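The structure is given below, and queries will be raised subsequently.
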């Protein structure tokens, strides 16, 4: 499966602030200081009919296949308590209460590196999530949008997605659009929902000869040299531990 680079690059910068506890200057006794161990939290966000049925279709677990593949590469870090992934539906990250329950409750501290992989409607809501989390002081290290969908008025009326156009905030953003030579029914569904046509913004913006429903294929196809989005996500996490 071939990948084609199509557009421009843009970076986002973060200013991280250390937090200090206030102590009475006269108190000279030794105090235990908690050390934040580096962890990586990866959220895989599925689209319509992914984690639960969508108008009597599914669940198909499309992004779950990508998550399970990535988890295999990080078994050692997982065993050491340094890596955690979570499978979410696009509707589970829509609104403050859902974000607090399904996302923030899993993040041990605000500077913890967070990675978001969103497929279809999960890419649309996942992109919104990066902006919200950044505004709340969290660090989104990488966003990967896999053939994101959400521009259509009809899909907005029938789905729990944000109406506004996303404005992602992440250190690195990879966008992958499915442009299959051999189409299947999932590509028609994506067209109906109206794909999010990303013109500018990602660090890497590519087309891939893969069907819309194939989240695993979108995630693991080589898109930059010999690297896939899966590879680049793994490299970014390992860099945090180096």
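Considering only residues of segment 185-197 that are in contact with a helix residue (DSSP H, G or I) (Cβ under 9 Å, 6 or more places away or on another chain) and buried (at least 19 other Cβ atoms within 10 Å of the Cβ), which is nearest to residue 144 (Cα to Cα)?
196
Would you mind stating whether residue 123 is within 19 Å of residue 60 (Cα to Cα) and either crowded, with 17+ Cβ neighbours inside 10 Å or more than 12 Å from the chain's Cα centre (by Cα) (or both)?
yes
Is there a residue in segment 169-191 that is at positive phi and in contact (Cβ under 8 Å) with a residue 24 or more places away in the chain?
Looking for residues that are at positive phi and in contact (Cβ under 8 Å) with a residue 24 or more places away in the chain, one finds none in segment 169-191, hence no.
Also: Being in a helix (DSSP H, G or I), more than 18 Å from residue 50 (Cα to Cα) and without any contact (Cβ under 8 Å) to a residue 60 or more places away in the chain is the filter here, so list the residues in segment 99-115 that pass it.
99, 100, 101, 104, 105
Could you list all residues from segment 71-94 that are part of a helix (DSSP H, G or I), surrounded by fewer than 22 Cβ atoms within 10 Å (Cβ to Cβ) and in contact with a strand residue (DSSP E or B) (Cβ under 8 Å, 6 or more places away or on another chain)?
71, 77, 78 - these are the residues of segment 71-94 that are part of a helix (DSSP H, G or I), surrounded by fewer than 22 Cβ atoms within 10 Å (Cβ to Cβ) and in contact with a strand residue (DSSP E or B) (Cβ under 8 Å, 6 or more places away or on another chain).
With the checklist (1) modelled with pLDDT under 95; (2) at negative phi; (3) crowded, with 20+ Cβ neighbours inside 10 Å in hand, flag the one item residue 165 doesn't pass.
Failed condition: (3).
Test residue 118 against the criterion of being in contact with a strand residue (DSSP E or B) (Cβ under 8 Å, 6 or more places away or on another chain) and under 17 Å from residue 165 (Cα atoms), and give yes or no.
Here the answer is yes, as residue 118 does meet what is asked.
Yes/no per residue for (1) at pLDDT 95 or above; (2) under 18 Å from the mean Cα position of the chain (by Cα); (3) within 18 Å of residue 44 (Cα to Cα):
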{"site": "155", "(1), (2), (3)": "no, no, no"}
{"site": "160", "(1), (2), (3)": "no, yes, yes"}
{"site": "194", "(1), (2), (3)": "no, no, no"}
{"site": "219", "(1), (2), (3)": "yes, yes, yes"}
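For a quick check of your reading of the model, give me the residue pairs whose first member lies in segment 117-143 and is at positive phi and without any contact (Cβ under 8 Å) to a residue 40 or more places away in the chain, whose second is surrounded by fewer than 22 Cβ atoms within 10 Å (Cβ to Cβ) and outside any helix (DSSP H, G or I), with beta-carbon atoms closer than 6 Å and at least 6 apart or on different chains.
137/110
The values are calculated or read from the model by the stated rules, or taken from the named source; none is laboratory data. Note that the structure is predicted; figures quoted are calculated from it, not measured. Backbone-built Cβ (ideal geometry, glycine too); neighbour counts: all protein chains shown.
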